[in-house]
Amino acid sequence: MPLAFLALQKLHALKQYGIEKNTAMLTDSGYNKQVAVQYDSSAENYRPSLAHYIKKVFLVSDNNAYNRLYEFLGQQYINLELWKKGYKDIRITRRFMPMNEDENRHTNPVRFKNGDSVLYYQPAAVSRVEFDFSKKVFIGKGHYNRQDSLIQTPMDFTTHNNAPLEDLQQILQSAIFPLSVKPAQRFGLDSLDYAFLRQYMSELPRESKYPRYDTTEYFDSYTKFFWFKDGRQHLPDYIRSFNKTGWSYGFLTDVAYIADFKHNVEFMLSAVIYVNRDGILNDDKYEYEETGYPFFREIGEIIYRYELGRHRKYLPNLDAFKLAYY
């Protein structure tokens, strides 16, 4: 989510080159050749753009789309911008693919094109930002390594990405209600950016025209943990969740603003739960279905029922959010 907001912010600095969010963006070979190979296998056919990647990040939590945003922004820009906005405890150090610490500091060249014309060329870069890894983070009692061997020691997350839940909720709030946060905490976005983000934070996979998704796999509540993913429920037409979810290593997270347009109810709700009964990481044996998603369903239902019955002196104005999908 922070990378999606930062990508739109950085794009404003490139408008002088005739670039906007739907301009074709291609990643070239550079320090990390595996990134370009993975990307370019379809790039010339589909001409993906920043808008395309941001859609995929919110619609289905696509890891490859996140990697493309990371490539465009660079590790240094990401962290310095987030720290400048006051999120000192956030640390974004890596792509979602097997790379070491040094490899993740390097990003490949990026081209923006209009047909055969290159509008802007961003050269390869290396991050010089310094991280504080003095606080060691070990989780579990064992883990599988990249060679699929079981290592009977906790997994080391010291150098992994880190984002406090409170900061993530504040970042979402800055896009949903920008005037409710301090100016220094806001991203450099305009009204069109906010409308774009609200649309795709709330859109369901079946509503996407491009990219199109197989709805048997990417069902309505695929990325809507509160309170619908448990049992693969359908969202009522009058309820939208403007959110970002994540799931990895037994952790489930949902940071959401939920609006009920029929009953004029709104609330923000964020949660994270760790479900890993055997304590082994990277074995793909996590209690997401048994424990994780039911937790989000129950919490979501409890808060919704409370808000539904709570007397409000002032009713929320949901008009701006109706435009996101009507």
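Have a look at Ser149, Ser202, Ser180 and point out the one that is in the same structural domain as Gly279 (by TED's automatic domain parsing) and over 21 Å from the mean Cα position of the chain (by Cα).
Criteria check complete, one pass: Ser180.
Residue-by-condition table, conditions (1) aromatic (Phe, Trp, Tyr); (2) more than 16 Å from Glu289 (Cα to Cα); (3) surrounded by fewer than 16 Cβ atoms within 10 Å (Cβ to Cβ):
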residue: Pro164; (1), (2), (3): no, yes, yes
residue: Leu179; (1), (2), (3): no, yes, yes
residue: Lys182; (1), (2), (3): no, yes, yes
residue: Pro205; (1), (2), (3): no, yes, no
residue: Tyr222; (1), (2), (3): yes, no, no
residue: Lys244; (1), (2), (3): no, yes, no
residue: Ser248; (1), (2), (3): no, no, yes
residue: Val255; (1), (2), (3): no, yes, no
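Filter the strands (runs of 3 or more DSSP E) completely within region 103-197 down to those with at least 1 residues that are free of Cβ contacts under 8 Å to residues at least 12 places away in the same chain.
117-122
Can you find even one residue in region 207-225 that is in a helix (DSSP H, G or I), under 29 Å from Leu11 (Cβ atoms) and not assigned by TED's automatic domain parsing to the domain that holds Leu11?
Step one: list which residues in region 207-225 are in a helix (DSSP H, G or I), which gives 207.
Pick out the ones that are also under 29 Å from Leu11 (Cβ atoms) and you get 207.
Remaining after also requiring not assigned by TED's automatic domain parsing to the domain that holds Leu11: 207.
For region 207-225, residues in a helix (DSSP H, G or I), under 29 Å from Leu11 (Cβ atoms) and not assigned by TED's automatic domain parsing to the domain that holds Leu11: present.
Sort through Phe267, Phe261, Phe296 and tell me the only one that's modelled with pLDDT under 95 and buried (at least 16 other Cβ atoms within 10 Å of the Cβ).
So the residue among Phe267, Phe261, Phe296 that is modelled with pLDDT under 95 and buried (at least 16 other Cβ atoms within 10 Å of the Cβ) is Phe261.
Among what's in region 231-240 and is without any contact (Cβ under 8 Å) to a residue 40 or more places away in the chain and either under 15 Å from Leu197 (Cα atoms) or among the charged types (D, E, K, R) (or both), pick the residue that is surrounded by the most Cβ atoms within 10 Å (Cβ to Cβ).
Of everything passing the filter in region 231-240, Arg232 is surrounded by the most Cβ atoms within 10 Å (Cβ to Cβ).
Take Tyr200 and decide whether it is surrounded by 15 or more Cβ atoms within 10 Å (Cβ to Cβ), over 28 Å from Tyr293 (Cα atoms) and not hydrophobic (A, V, I, L, M, F, W, C).
no
Within region 279-290, identify whether any single residue is part of a helix (DSSP H, G or I) and touching a helix residue (DSSP H, G or I) at 6+ places or on another chain (Cβ under 7 Å), and answer yes or no.
No, because not a single residue in region 279-290 is part of a helix (DSSP H, G or I) and touching a helix residue (DSSP H, G or I) at 6+ places or on another chain (Cβ under 7 Å).
Keeping to region 14-30, report how many residues are surrounded by fewer than 13 Cβ atoms within 10 Å (Cβ to Cβ), within 13 Å of Tyr120 (Cβ to Cβ) and among the polar types (S, T, N, Q).
Matching residues across region 14-30 total 1.
Give region 44-83 a look and list any residue that's farther than 16 Å from Ala7 by Cβ and of a type in the set (D, E, K, R), or say none.
Scanning region 44-83 gives Glu44, Arg47.
The values are calculated or read from the model by the stated rules, or taken from the named source; none is laboratory data. Since this is a predicted model, take the numbers as computed values, not measurements. Every residue, glycine as well, gets a Cβ built from its backbone with ideal geometry; the counts of neighbours run over all protein chains shown.
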